[in-house]
Amino acid sequence: MNRETEKKKGHHGRMYGRTDLFEEDRIDELLELIWTLREEGVLGLDQLLEMTQDVEAQAILRVMNRDGLFEMEDNRMVLRDRGEEKAREIIRRHRLTERLLREIFEMSEEQVEEEACKLEHILSPAVTDSVCTFLGHPPTCIHGKPIPRGECCFKFKKEIKPYVIPLDDLGLSEEGRIVFIAPRSHQRLDRLSTLGIAPGSIVRMHQKNPSHVLQIGETTIALDRDIVKDIYVKKV
Ligand SMILES: [Zn+2]
Ligand SMILES: [Zn+2]
């Protein structure tokens, strides 16, 4: 069980002792849980029932089965096409909201989780894509989990100027404030932060070829291209 799922359980505990939530939201919650469990390689119904705080999960699953969202196949939970699509959208909304609230609004992790759980049910597809574009189409959430791609990530939309851009898009001698680093590995994050490369730091692009050279404060450092790829900034 990872941190995200654990938190989720804790948070929804309050909400889910009740059964007056809209059925649609309860379906969303279960789709989300099925998706996150699957990311951890968990496909059994028992684990789902253990994790969910929805006391009527079985009944909701029956509705989902009837609606063609979900089925059991050899004791494994399977999302059918429509369920898969719906789950993808919820996960995408949740994880984008996490980034927005944490990095742009600088909320605490706890607040983020609470708000993201509410917003994931109400953001429209258009707003979701706007948030994604605004954030520079981040590949992962604040917990390092993949954010499912949306149409906006493939089609370049001009209406909204990204607020956050990949570090590599910074021009020579331009400065950017690091907004987030996609944490491919925590070790790497630790190492970067000892170099002063962490959210909030201001970096100046010195050189891009043959390698990336950045200035942070008084220090000049060279960075590998695959590390540069993980860093997102806002131009200052
Ligand atoms: Zn997350
Ligand atoms: Zn996008």
- Message: Let's see if you can work this out: charge +1 on each Lys and Arg Cβ, -1 on each Asp and Glu Cβ, no other charges. What is the dipole magnitude of the chain about its Cα centre, in debye to the nearest 20?
- Response: 900 debye
- Message: Rounded, prolate or oblate, given the Cα gyration tensor of segment 144-236, with a/c below 1.5 counting as rounded?
- Response: oblate
- Phi to ³J(HN,Hα) by Karplus 6.51 cos²θ - 1.76 cosθ + 1.60 over segment 198-203, Hz, x for Gly, Pro: 8, x, x, 5, 9, 10
- Based on the alpha-carbon gyration tensor of segment 90-148 and its eigenvalue square roots a ≥ b ≥ c, which shape applies: rounded if a/c is under 1.5, prolate if not and a/b is larger than b/c, or oblate? rounded
- Find, among the GluC sites (Glu not before Pro) in segment 165-236, those assigned to loop by DSSP (not H, G, I, E, B) with at most 12 other beta-carbon atoms within 10 angstrom. GLU218
- Query: Which order do HIS212, HIS137 take by accessible area at a 1.4 Å probe, largest first?
  - Reply: HIS137, HIS212
- Query: Where only protein heavy atoms count, and the probe is 1.4 Å, what is the accessible area per residue for segment 86-226 in Å²?
  - Reply: 52 Å²
- Determine the calculated [θ] at 222 nm for the chain from helices alone, applying -39500 (n - 2.57) to every DSSP H run no shorter than 4 residues and normalising by the residue count; nearest 500 deg cm²/dmol. -13500 deg cm²/dmol
- Over all viewing directions the Cα convex hull of the chain casts an average projected area in nm² of 14.0 nm²
- Item | Value of Rg to Rh for segment 59-168 (Rh from inverse mean 1/r over Cα pairs, i.e. Kirkwood) | 1.04
- Item | Rounded to whole Hz, the Karplus (6.51, -1.76, 1.60) HN-Hα couplings of segment 140-151, x for glycine and proline | 9, 7, 5, 9, x, 8, x, 8, x, 6, x, 4
- Note on the structure: Once phi for every residue in segment 77-94 is put through the Karplus expression 6.51 cos²θ - 1.76 cosθ + 1.60 (θ = phi - 60°), the whole-Hz ³J(HN,Hα) values, with Gly and Pro written as x, are 7, 10, 8, 7, 3, 5, x, 4, 4, 4, 4, 3, 5, 5, 4, 4, 4, 4
- Task: With +1 on each Lys and Arg Cβ and -1 on each Asp and Glu Cβ, and nothing else charged, work out how big the dipole of segment 112-227 is about its Cα centre, in Debye to the nearest 20.
- Result: 280 debye
- Using a 1.4 angstrom probe on the protein heavy atoms only, line up PHE154, PHE134 by accessible area, largest first. PHE154, PHE134
- Could you please state how large a percent of the accessible area of segment 104-236 is carbon and sulfur, counting protein chains only and using a 1.4 Å probe? 53 percent
- Item | Within a Gaussian network of the chain (alpha carbon springs, distance under 10 Å), most fluctuating of PRO210, PRO166, PRO125 | PRO210
- Compare LYS155, LYS234 by solvent-accessible area with a 1.4 Å probe and give them largest first, with all protein chains kept in place. LYS155, LYS234
- Query: Using a 1.4 Å probe, how large is the accessible area of GLU71, given in Å² and rounded to the nearest 10?
  - Reply: 50 Å²
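The values are calculated or read from the model by the stated rules, or taken from the named source; none is laboratory data. Predicted model only: the values in this text are computed from it and were never measured. Positions of Cβ are backbone-derived with ideal geometry, glycine not excepted, and every protein chain shown enters the neighbour counts. Side chains included, ligands, DNA and RNA excluded: accessible areas come from the protein's heavy atoms. Shrake-Rupley method; radii C 1.70, N 1.55, O 1.52, S 1.80 Å.
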